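Note sheet for the following structure.
The values are calculated or read from the model by the stated rules, or taken from the named source; none is laboratory data. A quick note: this is a predicted structure, and the numbers were derived from the prediction, not measured. No Cβ is skipped: glycine too gets one built from the backbone with ideal geometry, and neighbour counts run over all protein chains shown.
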Amino acid sequence: MLGSYLKEKGKNRALKEDLDQLTRKVESIKSEIASKEHFSRYRYELEVGLYKDFWKKLHPLYETALFFQLSHDMKARAETLGKAQKEFFDSIRDNIPFYPKEIWDQLRDFSNTCTSLASAQSTAATVRNEAALNALQVRIEALQARAKEQVQSIEIAIRERVRKFDFPEAD
């Protein structure tokens, strides 16, 4: 009788140790999940903050570039575009390492388009030949169309990126 009692006691002790080990493992997994959720929420807040910051600068640049027309005051218009471009560049420059690649690639492409646009518009301010001015106008309109497409693409990329936080991919 003592032998069966000790045997049963040993089983119970082994079961308790197994349950304690499983409980520790479950708690460890819960803690890891909570940590990942916290980090994901924090990362989401940071990314959305970055997007809001550069969007405030991107939109004035976009509007300035899109509605830029050849006129008698080309120099002033080019300066307005240059100022908007600098504010946008300044807003993204300090955070380059924090943008996801898919967003950064599109921001860089948009920045390059704006640089080309500013260059074409500055050149237009000095051109006196009507044929050359007409050719520049065609180039400016093409760059404006590209900038419009890029802004729409950036907006879609941001929405897709933010949506990833709603349904995180399994690691």
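At-a-glance table
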{"read-out": "Residue in the range 111-134 that is modelled with pLDDT under 85 and closer than 20 Å to ILE156 by Cα present", "value": "no"}
{"read-out": "Filter pass, ALA65 being under 30 Å from ASN129 (Cα atoms), hydrophobic (A, V, I, L, M, F, W, C), in contact (Cβ under 8 Å) with a residue 60 or more places away in the chain and part of a helix (DSSP H, G or I)", "value": "yes"}
{"read-out": "LYS57 being touching a residue at least 24 places away in the same chain (Cβ under 8 Å) and closer than 30 Å to ARG163 by Cβ", "value": "yes"}
{"read-out": "Selection status of GLU17, part of a helix (DSSP H, G or I) and free of Cβ contacts under 8 Å to residues at least 24 places away in the same chain", "value": "yes"}
